[in-house]
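The structure appears right after this line, and notes come after that.
The values are calculated or read from the model by the stated rules, or taken from the named source; none is laboratory data. Here the structure is a predicted model, which means the values were calculated and not measured. Don't worry about glycine lacking a Cβ; one is built from the backbone with ideal geometry, like all the others, and counts go over all protein chains shown. Heads up: the accessible areas ignore ligands, DNA and RNA and are worked out on the full protein's heavy atoms, side chains in. Shrake-Rupley method; radii C 1.70, N 1.55, O 1.52, S 1.80 Å.
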Amino acid sequence: MDRTDIILRPLLTEKISTLDDKLKGGKERYAFVVNAKANKLQIAQAIEELYNIPVESVNTMNYKGKPKTRYTKTKVVSGRTSAYKKAIVTVAEGEFIDFYNNV
């Protein structure tokens, strides 16, 4: 897999931004939506190549799609949200990723 196939997009939420406060030692944590078939080593290598920073650790989580139901005038529409895999990447002390630099 190519590094652009592994890292799909960054996750920028309030919950992710509060992870840095819980981690001691000046290390930063970032979250990404990744390919479901990618393992931790591939994710770490892709982050190091894309952002040129050393990665200390990678934690991954698989999320199942939730069932959703919507009631319309004519019928009930049922479906599911997309399943995805999330990776939380801890980078070395003093390093950071600037997502807003290239906007």
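A 1.4 Å probe run over the chain, with the rest of the protein chains in place, finds 73 Å² accessible per residue. Karplus-derived 3J(HN,Hα) values for segment 34-43, using 6.51 cos²θ - 1.76 cosθ + 1.60 with θ = phi - 60°, are 10, 5, 5, 8, 7, 9, 5, 5, 5, 5 Hz; glycine and proline are entered as x.
Can you pull the percent of the chain's accessible area that's carbon plus sulfur, 1.4 Å probe, other chains left in place? Display every interim value, and only then the final one.
Working: 3690 of 7570 Å².
Carbon and sulfur: 49 percent of the exposed surface of the chain.
Taken about its Cα centre, the chain carries a charge dipole of roughly 1220 debye when the Cβ of each Lys and Arg holds +1 and the Cβ of each Asp and Glu holds -1.
Under the classification rounded if a/c is under 1.5, otherwise prolate if a/b is larger than b/c and oblate if not, where does the chain fall, given a ≥ b ≥ c as square roots of the Cα gyration tensor eigenvalues?
Values: a/c = 2.49, a/b = 1.92, b/c = 1.29.
It is prolate, given that a/c is not under 1.5 and a/b is the larger ratio.
Among LYS40, LYS75, LYS22, the residue with the largest mean-square fluctuation in a Gaussian network model of the chain, with springs joining Cα atoms closer than 10 Å, is LYS75.
Amide hydrogen proximity for LEU8: with H placed 1.01 Å from N in the peptide plane, the residues at 5 or more positions away or on another chain lying under 5 Å are VAL33, VAL34, ASN35.
Of all lysines in the structure, the ones whose alpha carbon falls short of 17 Å from that of LYS27, not counting any fewer than 8 places away in one chain, are LYS15. Summing charges over neighbours of ASN62, with a neighbour being any other residue whose Cβ is under 12 Å away from its Cβ, gives +4 when K and R count +1 and D and E count -1.
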